[in-house]
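Working notes, beginning with the structure itself.
The values are calculated or read from the model by the stated rules, or taken from the named source; none is laboratory data. Nothing here was measured: the structure is a model prediction, and the numbers come from that model. Positions of Cβ are backbone-derived with ideal geometry, glycine not excepted, and every protein chain shown enters the neighbour counts. All accessible areas refer to the heavy atoms of the entire protein, side chains included, with ligands and DNA or RNA removed. Shrake-Rupley method; radii C 1.70, N 1.55, O 1.52, S 1.80 Å.
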Amino acid sequence: MAEKHKKIQAPRGIKDVLPDEQRYWFWLENNFYAVAESAGFERIILPTFEATELFRRSVGEFTDIVSKEMYTFKDRSGNSLTLRPEGTAGAVRAYIEHGMHTLPQPVKLYYWGPMFRYDRPQAGRYREFYQFGLEVLGDSDPIIDALLIQTLVKYYKKLGLKDVVVRINSLGSERSKARMVGALSKFLAVYKKNLCADCKTRSKKNPLRVLDCKVARCQEIIGSASGVMIDSLDEDSRKRFTKVLEALDDMGVAYELDPGLVRGLDYYTHTLFEIAIRGQEDLAIGGGGRYDNLAKQLGGPATPSIGYAGGVERTIDILKQQAVEIPDLAKTDVFVVQLGDRAKAKATGIVEKLEQNSLRVSTALGRGSIQAQLREASRLRSPLVVIIGDQEVHDGNVILRDMNDRSQETVIDRNMAKLILKKLEEKGIRVISSS
Ligand code: HAM
């Protein structure tokens, strides 16, 4: 076959998300927006590429992400740009660039979008993958750390995930972290000749990154390094960490202490955490932590902050693995059934009113029996149906039917749209109403 007619496939580690998969994506996305909005976060849309320097200075020169995994290119003016490997650096850049430190603090941002890493493609590891993220900028209170974790646990529960485990650790303040790095460096020097080639370099340039290494012989050495880490935490950092754990206890959020947890990004200080599914801790569904010094490092004002990002594909994989039932994608939010001539005239006004509330509304065009109209509502997978007969027109109300459990209730006309929005939100179908 001529070269120019050869089939072109998606690049390695890059995938299509086909129509069959969409209900999972909507499930995660809609519930994420609902949980984030109700916890007071505001959405930000960040650029997909940024100046390469941004990631070097935030994620860190000697991390795997920056040293091996970035998609970096020069534009036609010779500027070095990088497809974002993560969202935190961009969020902090935007916070500084738009003077968000002048707003009431903390500023709470959420985002959703593709990230790019030249990772080794395998189950749960892609080169383009989606993250949802939450960042709380401008507040150092330990309670914030616990509240963020609580919000995330709530989100995963809402999705229907089981066996969710939160692992947590603290690197302490910048000073404490430096001490930890010093102690670790001494510790690693003893085992230097047993480390892999990459870790030999890491142990000199950035010893914490040795703890991210997956090579078996490095893992063995790392296993005994946690004592060194715990001992390096200074008194203030220890006190702060205790407050975070106490707040989690008070909130009834379960966690596991993991003194070996350092996470592969350089900007962290104090609290670090990962969320995983029990038995599959190697492939975290998300991770986060404090980055109190990052804004300053990027030329902004001191802005103590904490955030988290979750992997969309990994979360969906687990939902499938656990056979969690996800609602089918509805093609419509509400179906209007009308019976009788007066009802038909009124239905037009009702459809309009519902549409004004940003609802997707369908209705049967012809007359049709109630059964025929309900069949059409089922075919469209409409979760709710509004039924109007001549009696309802007379009484100024409508019947609202839940297609799932077939329950019906009579609702006064003017309360209808609000109630429908509320019910849809409860079902995780429609979450941000315009009303
Ligand atoms: P991260 O741990 O590098 O943290 O990534 C967060 C999550 O993104 C991972 O736990 C995983 O679920 C998903 N993920 C990472 N790489 C891949 C991949 N190659 N394929 C599929 N999923 C992947 C961050 O990115 C930080 N920005 C989190 C953060 C926010 N810290 C503070 N604020």
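I'd like the FRET efficiency for K68 and K157, computed as 1/(1 + (r/R0)^6) with the beta carbon distance as r and R0 of 51 Å, rounded to 0.05.
0.90
Sort 327-338, 76-87 for me by packing, meaning the mean count of neighbouring Cβ atoms within 10 Å per residue, highest on top.
327-338, 76-87
For all pairs of alpha-carbon atoms in the range 241-297, what percent lies in each bin of width 10 Å, listed from the first bin to the last filled one?
Going from the shortest bin to the longest, the percentages are 19, 49, 29, 3.
Accessible area per residue, 1.4 Å probe, Å², for the range 334-426: what's the number?
55
Got a sec? Charge dipole of the range 292-408, +1 on Cβ for Lys and Arg, -1 for Asp and Glu; which of I370, G300, V334 is way out at the positive end?
Selected residue: I370.
Considering only protein heavy atoms and a 1.4 Å probe, what is the carbon-and-sulfur percentage of the accessible area of the range 147-286?
52
For the range 107-240, what does the accessible surface come to per residue with a 1.4 Å probe? Please give it in Å².
46
Can you pull the percent of the range 334-426's accessible area that's carbon plus sulfur, 1.4 Å probe, other chains left in place?
Its accessible area is 47 percent carbon and sulfur atoms.
Charges only on Cβ, +1 for Lys and Arg, -1 for Asp and Glu: so what's the dipole of the chain about the Cα centre, in debye to the nearest 20?
About 1360 debye.
Using mean Cβ contacts within 10 Å as the protection proxy, how do 132-140, 389-397 order, highest first?
Highest-to-lowest ranking by the protection proxy: 132-140, 389-397.
Please report, in cubic angstrom per residue, the volume enclosed by the convex hull of the alpha-carbon atoms of the range 334-426.
87
What area, in nm² and to one decimal, does the C-alpha convex hull of the range 67-108 cast on average over all directions?
Approximately 4.1 nm², given one-decimal rounding.
Give me the distance in nm between label points sitting 7 Å out from Cα along the Cα-to-Cβ direction at I45 and S80, one decimal.
Modelled inter-label distance: 3.0 nm.
Grab the beta carbon distance between E425 and T348, set R0 = 22 Å, and tell me the FRET efficiency rounded to 0.05.
It comes out at approximately 0.25.
Toward the positive end of the charge dipole of the range 201-350, about the Cα centre and with charges on Cβ (Lys, Arg +1; Asp, Glu -1), which of V253, S224, Y267 goes farthest?
Projecting each Cα onto the dipole axis, the largest value belongs to Y267.
In the range 334-426, what percentage of the DSSP-assigned beta bridges are antiparallel, given to the nearest 5?
50
Suppose we take every Cα in the range 1-90 and form the convex hull; what volume per residue is that in Å³?
Enclosed volume per residue, from the Cα hull, is 175 Å³.
What number in nm² do you get for the range 37-186 if you take the convex hull of its Cα atoms and divide its surface by four?
The number I arrive at for the range 37-186 is 11.9 nm².
Kindly flag which residue pairs out of K108/K204; K320/K427; K353/K422; K243/K422; K154/K296; K157/K423 have an alpha-carbon separation exceeding 26 Å in this structure.
K108/K204; K243/K422; K154/K296
Report, by chain and number, residues whose modeled amide H sits under 5 Å from the one on I14, excluding near sequence neighbours (fewer than 5 apart, same chain).
Excluding prolines and chain starts, which carry no amide H, the hits are R127.
Stokes-Einstein diffusion coefficient for the range 204-341 at 20 °C in a medium of 1.002 mPa s, Rh from the Kirkwood formula over Cα pairs: what value in µm²/s?
Estimated diffusion coefficient is 114 µm²/s.
Calculate I(q)/I(0) for the range 109-170 by the Debye formula, one identical point scatterer on each C-alpha and no solvent, and give its log10 at q = 0.21 Å⁻¹ to two decimals.
-1.10
Would you mind computing the Rg to Rh ratio of the chain from its alpha-carbon coordinates, Kirkwood style for Rh?
Result: Rg/Rh = 1.06.
Would you calculate, for the chain, the mean residue ellipticity at 222 nm contributed by helices, counting each DSSP H stretch of 4 or more residues as -39,500 (n - 2.57) and dividing by all residues, to the nearest 500?
Computed mean residue ellipticity for the chain: -11500 deg cm²/dmol.
Among DSSP beta bridges whose residues both lie in the chain, state the antiparallel percentage, nearest 5.
The antiparallel proportion sits near 80 percent.
What's the magnitude of the charge dipole for the range 182-331 around its Cα centre, counting Lys and Arg as +1 and Asp and Glu as -1 at the beta-carbon? Answer in Debye, nearest 20.
My answer is approximately 880 debye.
How much of D163 can a 1.4 Å solvent probe reach, expressed as accessible area in Å² and rounded to 10?
100
If I ignore ligands, DNA and RNA and count only protein heavy atoms, how much of F73 is accessible to a 1.4 Å probe, in Å² to the nearest 10?
Rounded to the nearest 10, that gives 80 Å².
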